[in-house]
Amino acid sequence: MSTTTTTKKSWRWLGTLAVLALVQLVSYQNCGSDFIVKDGLSVVSSASLGGACEATLAADFQSSYYSFLKTNCATCHTSRGPGNGAFADGNADLAFSAFLATGHAKIDINATNSAHSGQSGPQNSSAIAVAGQQWDNAAASCKNGGGGGGGSSIMTSEKVMQANATAKDITWNLDTELNQPGNTGGATLTISVREAPSANGTPVYFFSNPRLKGGSRSVNVKGLMIRINGQEQVLGSTWSRVDSTAAAGATVTMSTAQVLLEYTQYSVSDTLSVIIDSVSAQ
Ligand code: HEC
């Protein structure tokens with residue numbers, strides 16, 4: 001072994017130590033076996049999903065995803081078909097619980113990926129975008145006490161990250177890519193993401209440089225929480241108190257702190273979305 005190699009190695013080791021010290025461990029899917037709802041709702045067991053909330057969600061499933069799934073996915077995704085998950089079954093109750101168990105993030109991806117099946121592909125993108133927003137709305141109002149009422153969370157749409165070692169920007173239009181229509185004159189929120197393995201090989205997401213850009217009016221945004229695959233990352237709360245105002249056309253950096261999340265189930269199709277406390281335009 002030459003000296004150069006040794007130096008290189010110890011430097012690398014120091015580098016990984018630094019990463020390890022910052023990594024916040026996310027223990028994922030360690031809930032009980034009846035943990036079924038993964039979209040927008042934090043942890044809801046089948047037993048506690050009752051009353052108005054369940055009725056709202058079941059009705060929303062039927063008016064959003066169900067007819068699409070029956071039309072396009074029923075050749076395989078029924079209780080008898082080869083597909084994993086019977087969310088297109090003719091029995092609406094069975095289809096609904098399979099839908100909850102699979103989670104709409106995965107369904108959105110396979111519905112629009114032409115490699116998945118003959119009926120999947122980009123032709124489904126707009127139908128899926130509409131259904132996804134409708135579902136997110138219902139899930140958010142359910143989370144906030146069920147059956148509508150009290151202020152619902154503001155959420156961006158989910159975007160596939162396809163993260164790698166090079167930081168890339170993911171941007172949302174705050175008028176058209178939230179679960180409720182905005183009126184900011186085209187303001188945008190941008191977050192950089194990259195992915196690199198920790199010392200023990202576990203994938204780690206690095207989120208950085210959240211930027212707010214004013215549209216035709218000045219805009220204020222408060223409080224950002226990261227969601228991966230529709231699941232709120234409660235440990236990634238570094239940006240939960242941000243409060244920034246961007247003048248019309250101007251861009252401000254909302255925080256210089258990075259959010260690091262170890263994510264054992266990393267896949268290139270993981271999605272990023274953001275829960276926002278408030279958006280207001282002057
Ligand atoms: C030709 C049969 C076929 C069709 C049509 C089909 N799928 Fe699948 N699907 C499968 C098979 C087989 C699997 C299990 C293997 C895999 O994950 O690819 C699967 C798995 C999935 C999964 C992963 C479930 C999990 O829990 O990991 C999702 C989500 C999915 N399909 C969505 C869809 C959607 C949405 C449609 C309709 C637009 C669709 N599929 C159409 C055969 C099909």
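The values are calculated or read from the model by the stated rules, or taken from the named source; none is laboratory data. Just so we're clear, the structure is a prediction, and the values are computed from it rather than from any experiment. Cβ coordinates were reconstructed from backbone atoms using ideal geometry, including for glycine residues, and neighbour counts include every protein chain displayed. Each accessible area value is taken on the protein alone, full model and side chains, heavy atoms only, with ligands, DNA and RNA left out. Shrake-Rupley method; radii C 1.70, N 1.55, O 1.52, S 1.80 Å.
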Problem set entry | Residues satisfying the stated conditions in the stretch 120-134, i.e. within 13 Å of the ligand (Cβ to nearest atom) and at pLDDT below 90 | Ala131, Gly132
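Inside the stretch 197-219, can you point out the residues that are free of Cβ contacts under 8 Å to residues at least 40 places away in the same chain and open to solvent by 10 Å² or more (accessible area, probe 1.4 Å)? It would help to see each step written out before you state the result.
We begin by selecting, within the stretch 197-219, every residue free of Cβ contacts under 8 Å to residues at least 40 places away in the same chain; these are 197, 200-201, 213-214, 216.
Pro197, Asn200, Gly201, Lys213, Ser216 - these are the residues of the stretch 197-219 that are free of Cβ contacts under 8 Å to residues at least 40 places away in the same chain and open to solvent by 10 Å² or more (accessible area, probe 1.4 Å).
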Exercise. How many residues does the stretch 85-96 hold that are within 13 Å of the ligand (Cβ to nearest atom) and at negative phi?
Worked result: 5
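Identify all residues within the stretch 67-84 that are near the ligand (Cβ under 9 Å from one of its atoms) and outside any loop (DSSP other than H, G, I, E, B); write none if there are none.
Within the stretch 67-84, Phe68, Leu69, Thr71, Asn72, Cys73 meet the criteria.
Can we say Ser114 is more than 12 Å from the ligand (Cβ to nearest atom) and surrounded by fewer than 16 Cβ atoms within 10 Å (Cβ to Cβ)? Please lay out each step first, then the result.
On the way: more than 12 Å from the ligand (Cβ to nearest atom): no; surrounded by fewer than 16 Cβ atoms within 10 Å (Cβ to Cβ): yes.
The answer is no for Ser114.
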Seminar exercise, completed: Subset of the stretch 156-179, residues touching a Gly at 6+ places or on another chain (Cβ under 8 Å), open to solvent by less than 60 Å² (accessible area, probe 1.4 Å) and in a loop (DSSP other than H, G, I, E, B), comes to Ser157, Glu158, Leu174, Asp175
Problem set entry | Criterion violated by Arg194 - all others in (1) touching a Gly at 6+ places or on another chain (Cβ under 6 Å); (2) open to solvent by 30 Å² or more (accessible area, probe 1.4 Å); (3) free of Cβ contacts under 8 Å to residues at least 60 places away in the same chain satisfied | (1)
Exercise. Among the residues of the stretch 221-239, how many are farther than 30 Å from Phe99 by Cβ and open to solvent by 10 Å² or more (accessible area, probe 1.4 Å)?
Worked result: 2
